[in-house]
Every structure is written in C-alpha cells, then in structure tokens.
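Engineer: Next up is a structure, given as structure tokens.
The values are calculated or read from the model by the stated rules, or taken from the named source; none is laboratory data. It should be emphasised that the depicted structure is a prediction, and the values quoted were computed from it without experimental measurement. So basically every Cβ, Gly included, is an ideal-geometry build from the backbone, and we count neighbours across all protein chains shown. Heavy atoms of the whole protein, side chains included, go into the accessibility calculation; ligands, DNA and RNA do not. Shrake-Rupley method; radii C 1.70, N 1.55, O 1.52, S 1.80 Å.
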Amino acid sequence: MKRLRWGLLSTARINRLVIPAIRASERSELTTVASRHEATARVYAREWNIPHAHGSYEALLHDSAVDVIYIGLPNSLHVEWTVRALEAGKHVLCEKPMGLDPEGIDRIADAVRRTGFAAAEGFMYRHHPLTHAVESIVASGRLGPIRSYNGAFTFPLTRENDVRLDPALGGGSLWDVGCYPVTYACLLAGAAPVEVFGWQQVGPTGIDLEFSGMMRFADGSVAQFDSGFVGPFRAEMEGVGSDASVRIVRPFRTDDRSALLLTSGDTTESLSFPAATPFAGEIADIEALVIDDPRQRIPLSESRRTVVTLGALYRSACSGQPQHP
C-alpha cells in the first residue's frame, strides 16, 4: 500500500480543517464522505469536491475502496464507531478524546489486537513542529528542572444547540478544550499526575462551561490550567524551570500567530520553528503507522492515561476532594 484512501464518517465542522491536510499529502487522497442522510452526504460531497457519498455510516464501513476512516462524531460516539470501523477492516483516526472512560479505550485496544488494524487519537498539536521544538528545549535541560506548568484554552461558544453543550454526547469544556493543556503538561512532565483537584462552573444543560484544575506529578512539579466556553479566546502553555521558562502562544491549533518564547533572567528570546500545515503531521502519522512503521506517537496507553486523568478531574470537581488517577 503506497497511498491511503480516506473516508469521512460524518459531515462534522472539524472536517474543514482535516480535508486540506489529507489533500496536501502525496500519500493520501480523500475519496468518500458519509452522513446519516444520503441527501446531506451528496450536498456535502459536491461542496467539498469529494468523489463518493454514502447515506449511512454503515455503508462507509463496508466500502472496499476506503482504507482509513476519520471519525469526527460527538465524543460519546467515538468508541462505538472506532471499534465498528476496525472490525470492518478499516484503519481509524478518531478525534480527541478517543473515549470518555478507560473501559472504552480498552475496547478499542482489544479491537486493534483482534483485527490488526490501527487506531490513533487526533491530538493535532502532538504532530506539529512547534511541539517538537518545545520537547527539544525541555530535553536539552535549558530550563533546568521544571517546577510548574500553566495552560489555558478558552473561547466563547455561542451556538445554543452545539453538541458540546449536551452531557449525553460527552459535552463539557474539559473534554473539549481542557484536554489540551492537561495532555500538554503530561507530555512535558513525561508522566501522568499522581494527584488532581478540579473546580467547575456548570451551565444550564449540566456540562462544565468553565473548568479550572491543578495536577501534581511525582517529581513535585505542579500544573495549573483552565478551560471554558465563556470569555475570550485564549490558548497558551508555559513551562517554568529553575533556570528559565518557555511560553508557547497558540500551541493547540497552530497558525501564523503561534510563537515560542524562552525567558532567562531579564531576557526573552523568540525561537524559530518550522512552519507546517496544522493537521499535516497528524495525517503523516497515520500514513507512517499504516504504510511504514506500526509504532505510534500517541499510543493507546497514552489515550487511556488521558481519560483516566480527565475522569479524576471531573470526580474532584463533583466531590470537592482531591483525586488520585
């Protein structure tokens, strides 16, 4: 296999960010889209110039002309359709979070073992050169031992019927955007937290409109973060070491306003990093996983660690007590 044929399972808004990355790759092509309604699928296919359209998700699963399925469904449907796609003989790229509990990730891992097909979680930032540059700085020791991590991801969610406001569909700011600073801190710490504490502001539908949390790691370092659907757009991360600090501007959905700033003493230096189409690395990772090398940048064990950590944060917010993931 030298070129992957992609199918989109749903006409979700996130597709508009993934489609250009698939089309920009020499080893991938977008061939098919599926919706629950054939008319919707056909209109979407014409709009995005996609050759084939299916009027059901099941039809896409059984399309022999599709190698990889991208799943951008609401969070609560990720596990079900990932497992079904694997069992139908497809590789899967599933939007984050891949599941809402560790048992769901275990189901996916079992399906991967049984079928021999690959499943990967779509945290786009993990595959971007900006993140690689941050990892290199931390690994170089320029910061000294890191003592704290700080992060935020907030934006105003104004669509009243947005699926992210529905608790039955896995809505909530922590699941949707808080997972970014949480996973970023765990990435730089190289481990899961040993203790977490969370606070939330619950909206009319029962989901967290705002979430603030702290995480303590075994080495004594601490992460603080907040997420929310209320207030201005904010996307940032910071790692503070004994010798220097690194600040990342717009680290999660990179664009030409993203920046990498290293501060030591009274001096702040802007560091360069290679430019890249935001989702290109994520697509290249699937290509490498399927065509070249079965090792994953984000293994399912890490996806499981993420849902365990997020679940512990939610339990803490509900109980008012610290939790141990």
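Engineer: Answer yes or no as to whether ILE108 is among the aliphatic types (A, V, I, L, M), assigned to a helix (DSSP H, G or I), surrounded by 21 or more Cβ atoms within 10 Å (Cβ to Cβ) and modelled with pLDDT of 95 or more. First the steps, then the outcome.
Structural biologist: Working: among the aliphatic types (A, V, I, L, M): yes; assigned to a helix (DSSP H, G or I): yes; surrounded by 21 or more Cβ atoms within 10 Å (Cβ to Cβ): yes; modelled with pLDDT of 95 or more: yes.
Against the criterion (among the aliphatic types (A, V, I, L, M), assigned to a helix (DSSP H, G or I), surrounded by 21 or more Cβ atoms within 10 Å (Cβ to Cβ) and modelled with pLDDT of 95 or more), ILE108 qualifies.
Engineer: Among the residues in region 8-23, are any surrounded by fewer than 17 Cβ atoms within 10 Å (Cβ to Cβ), in contact with a strand residue (DSSP E or B) (Cβ under 9 Å, 6 or more places away or on another chain) and basic (Lys, Arg)?
Structural biologist: yes
Engineer: Which one is farthest from PRO20 (Cα to Cα) among residues in region 254-282 that are at pLDDT 95 or above and among the β-branched types (Val, Ile, Thr)?
Structural biologist: Result: THR267.
Engineer: For region 222-289, please list each of the strands (runs of 3 or more DSSP E) lying entirely inside it that holds at least 1 residues being among the acidic types (Asp, Glu) and open to solvent by 30 Å² or more (accessible area, probe 1.4 Å). Working first, answer last.
Structural biologist: Values: elements: 222-228, 234-241, 245-249, 259-264, 267-271.
Once the strands (runs of 3 or more DSSP E) in region 222-289 are filtered for at least 1 residues that are among the acidic types (Asp, Glu) and open to solvent by 30 Å² or more (accessible area, probe 1.4 Å), what remains is 222-228, 234-241, 267-271.
Engineer: Okay, next question. List pairs: first residue in region 79-101 and under 19 Å from THR11 (Cβ atoms), second residue aliphatic (A, V, I, L, M) and part of a helix (DSSP H, G or I) anywhere in the structure, Cβ distance under 7 angstrom, at least six positions apart or on different chains.
Structural biologist: Listed by first residue and then by second, the contacts come to THR82/ILE108; ARG84/LEU61; ALA85/LEU61; LYS90/LEU61; VAL92/ALA85; VAL92/LEU86; LEU93/ILE286.
Engineer: Given GLU287, GLU269, GLU282, which one is touching a strand residue (DSSP E or B) at 6+ places or on another chain (Cβ under 8 Å), over 30 Å from HIS91 (Cα atoms) and not small (Gly, Ala, Ser)?
Structural biologist: On the way: GLU287 fails: over 30 Å from HIS91 (Cα atoms); GLU282 fails: over 30 Å from HIS91 (Cα atoms).
The match here is GLU269.
Engineer: Where residues in region 143-165 are farther than 20 Å from SER212 by Cα and touching a helix residue (DSSP H, G or I) at 6+ places or on another chain (Cβ under 9 Å), which of them is least open to solvent (accessible area, probe 1.4 Å)?
Structural biologist: Taking region 143-165 and keeping what is farther than 20 Å from SER212 by Cα, we get 143-146, 158-163.
Those still in the list that are touching a helix residue (DSSP H, G or I) at 6+ places or on another chain (Cβ under 9 Å) too: 143, 146, 159, 163.
Working: LEU143: 2, ILE146: 19, ARG159: 100, VAL163: 68 Å².
Going through the qualifying residues, I end up with LEU143.
Engineer: Looking at this structure, is TYR44 at pLDDT 95 or above and within 30 Å of THR183 (Cβ to Cβ)?
Structural biologist: Values: at pLDDT 95 or above: yes; within 30 Å of THR183 (Cβ to Cβ): no.
The answer is no for TYR44.
Engineer: Still on this structure, I have one more. For region 119-136, check the following and say yes or no: at least one residue is buried (at least 20 other Cβ atoms within 10 Å of the Cβ), part of a strand (DSSP E or B) and over 17 Å from the mean Cα position of the chain (by Cα). Give the derivation first.
Structural biologist: Looking only at region 119-136, we keep the residues that are buried (at least 20 other Cβ atoms within 10 Å of the Cβ), and these are 119-128, 130-131, 134.
Okay, now just the ones that are also part of a strand (DSSP E or B), so 119-122.
Add one more test, that the residue is over 17 Å from the mean Cα position of the chain (by Cα), and what stays is none.
The answer is no, given that none of the residues of region 119-136 is buried (at least 20 other Cβ atoms within 10 Å of the Cβ), part of a strand (DSSP E or B) and over 17 Å from the mean Cα position of the chain (by Cα).
Engineer: Moving to a separate point now. If you check every pair at least six apart or on different chains, which have Cβ atoms under 6 Å apart with a residue in region 291-308 that is over 19 Å from HIS132 (Cα atoms) and modelled with pLDDT of 90 or more first and a residue that is among the small types (Gly, Ala, Ser) and surrounded by 16 or more Cβ atoms within 10 Å (Cβ to Cβ) second?
Structural biologist: That search, which allows pairs on different chains as well, returns LEU300/ALA109; ARG305/ALA192; VAL307/GLY99.
Engineer: Here is a follow-up. GLU236: touching a residue at least 40 places away in the same chain (Cβ under 8 Å) and in contact with a His (Cβ under 6 Å, 6 or more places away or on another chain), yes or no? Working first, answer last.
Structural biologist: On the way: touching a residue at least 40 places away in the same chain (Cβ under 8 Å): yes; in contact with a His (Cβ under 6 Å, 6 or more places away or on another chain): no.
Judged against the criteria, GLU236 is not a match.
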